[in-house]
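K.L.:
Sharing a structure with you now.
The values are calculated or read from the model by the stated rules, or taken from the named source; none is laboratory data. Values in this document were obtained by computation on a predicted structure and should not be read as measured data. No Cβ is skipped: glycine too gets one built from the backbone with ideal geometry, and neighbour counts run over all protein chains shown. Side chains included, ligands, DNA and RNA excluded: accessible areas come from the protein's heavy atoms. Shrake-Rupley method; radii C 1.70, N 1.55, O 1.52, S 1.80 Å.
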Amino acid sequence: MATAVKSQAVSGAHADEHNQYLTFVLGGEVFAIAIDGVKEIIEHGGITTVPMMPDFIRGVINLRGAVVPVVDLSARFGKSVAAVTKRTCIVIIEVGAGEEKQDIGMMVDAVSAVLDIPAADVEPPPAFGARLRTDFLSGMGKVKGKFVIILNVEHVLSIEEMAAVTDAERGTANAVPAA
C-alpha cells in the first residue's frame with residue numbers, strides 16, 4: 001500500500017524489506033505506483049468520450065462488461081493532454097476502500113518495468129520543489145542513482161477530488177464575466 005511505503009520510509013524500515021512498483025513514463029519522467037493496486041495493463045484503444053468532463057478524463061472503456069473511466073495522467077498533473085503513441089497504455093487500478101472500490105484506468109505514455117525498491121531507498125516526499133502537488137506523492141525512490149517519483153494513487157485518482165475539479169470547471173465555464 002502506498003501509504004505504508006511512506007510510513008516505512010519515514011520510520012526507517014529494515015533494509016531487507018522490498019516493495020514492488022510498476023514503473024511507467026509520463027512526459028519523459030519515470031513514475032512508479034505500488035504493484036498491489038494494479039489489476040492489469042491494456043493497450044490504448046476503445047475509449048468513448050463523455051461530454052462535459054474535464055480534460056484529464058479521456059472517457060470510458062468497456063472492460064469485460066464494466067464501464068471504467070480513463071484518466072489522462074499528464075492532463076491530471078496540469079500538463080498538456082498526452083499524445084497517443086504505439087506505446088501508450090492504460091493501467092487499470094482499483095481505488096477506494098471497503099465496498100466503495102472502483103476500477104479506474106490511468107493513461108500513461110509507456111509502461112517500463114516492475115521494480116523492487118527497498119524501503120530504505122524510499123525517501124519521504126519533498127516539502128517543495130516537485131513539479132506536482134506533494135499530496136500526490138508517496139515518496140521518492142532511488143533507483144540506479146536516479147529518483148523515481150512514487151505516486152499516491154489514492155490521491156491522484158481520488159473520485160471526490162476529480163468530481164470537485166469537474167464542478168469547479170463547470171462553474172467557471174458557466175460564470176458570467178464581470179462587466
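K.L.:
Any chance you could count how many residues in region 49-91 are aliphatic (A, V, I, L, M), open to solvent by less than 50 Å² (accessible area, probe 1.4 Å) and part of a loop (DSSP other than H, G, I, E, B)?
P.N.:
Initial filter on region 49-91 (aliphatic (A, V, I, L, M)): 50, 52-53, 57, 60-61, 63, 66-68, 70-71, 73, 75, 81-84, 90-91.
Restricting the remaining residues to those that are open to solvent by less than 50 Å² (accessible area, probe 1.4 Å) gives 57, 60-61, 63, 66, 68, 70-71, 73, 75, 82, 90-91.
Those left that are additionally part of a loop (DSSP other than H, G, I, E, B): 82.
Residues that pass the stated criteria total 1.
K.L.:
Filter region 124-150 for residues that are touching a helix residue (DSSP H, G or I) at 6+ places or on another chain (Cβ under 7 Å), open to solvent by 30 Å² or more (accessible area, probe 1.4 Å) and either at pLDDT 90 or above or assigned to a strand (DSSP E or B) (or both) and give the result.
P.N.:
Selection gives Lys142 alone.
K.L.:
Could you check how many residues of region 155-166 are under 14 Å from Ile33 (Cα atoms) and either open to solvent by less than 20 Å² (accessible area, probe 1.4 Å) or modelled with pLDDT of 85 or more (or both)? Give the derivation first.
P.N.:
Within region 155-166, the first condition is being under 14 Å from Ile33 (Cα atoms), and the residues that meet it are 155-157.
Applying the additional criterion that residues be either open to solvent by less than 20 Å² (accessible area, probe 1.4 Å) or modelled with pLDDT of 85 or more (or both) yields 156-157.
Residues flagged as under 14 Å from Ile33 (Cα atoms) and either open to solvent by less than 20 Å² (accessible area, probe 1.4 Å) or modelled with pLDDT of 85 or more (or both) within region 155-166 amount to 2.
K.L.:
Take the residues of region 10-48 that are exposed (fewer than 14 other Cβ atoms within 10 Å of the Cβ) and of a type in the set (S, T, N, Q): which is modelled with the lowest pLDDT?
P.N.:
Of everything passing the filter in region 10-48, Ser11 is modelled with the lowest pLDDT.
K.L.:
Could you list, in sequence order, all residues of region 95-108 that are within 13 Å of the chain's Cα centre (by Cα) and either open to solvent by 40 Å² or more (accessible area, probe 1.4 Å) or farther than 20 Å from Val84 by Cα (or both)? Explain how you work it out, then say what you get.
P.N.:
Within region 95-108, the first condition is being within 13 Å of the chain's Cα centre (by Cα), and the residues that meet it are 95, 103-108.
Val95, Asp103, listed by residue number.
K.L.:
Can you confirm whether region 96-109 contains a residue that is out of contact with any strand residue (DSSP E or B) (no Cβ under 8 Å at 6 or more places or on another chain), hydrophobic (A, V, I, L, M, F, W, C) and in a loop (DSSP other than H, G, I, E, B)? Outline the logic, then answer.
P.N.:
First, pick out the residues of region 96-109 that are out of contact with any strand residue (DSSP E or B) (no Cβ under 8 Å at 6 or more places or on another chain): 97-100.
Subsequent filtering for residues that are hydrophobic (A, V, I, L, M, F, W, C) retains 97.
This time we only want the ones that are in a loop (DSSP other than H, G, I, E, B), so: 97.
Scanning region 96-109, I find at least one residue that is out of contact with any strand residue (DSSP E or B) (no Cβ under 8 Å at 6 or more places or on another chain), hydrophobic (A, V, I, L, M, F, W, C) and in a loop (DSSP other than H, G, I, E, B), so the answer is yes.
K.L.:
I've got another one for you. I'm trying to understand the selection: among the residues of region 57-87, which are under 17 Å from Gly27 (Cα atoms) and under 12 Å from the mean Cα position of the chain (by Cα)?
P.N.:
Passing the criteria: Val71, Asp72, Leu73, Ser74, Ala75, Arg76, Phe77.
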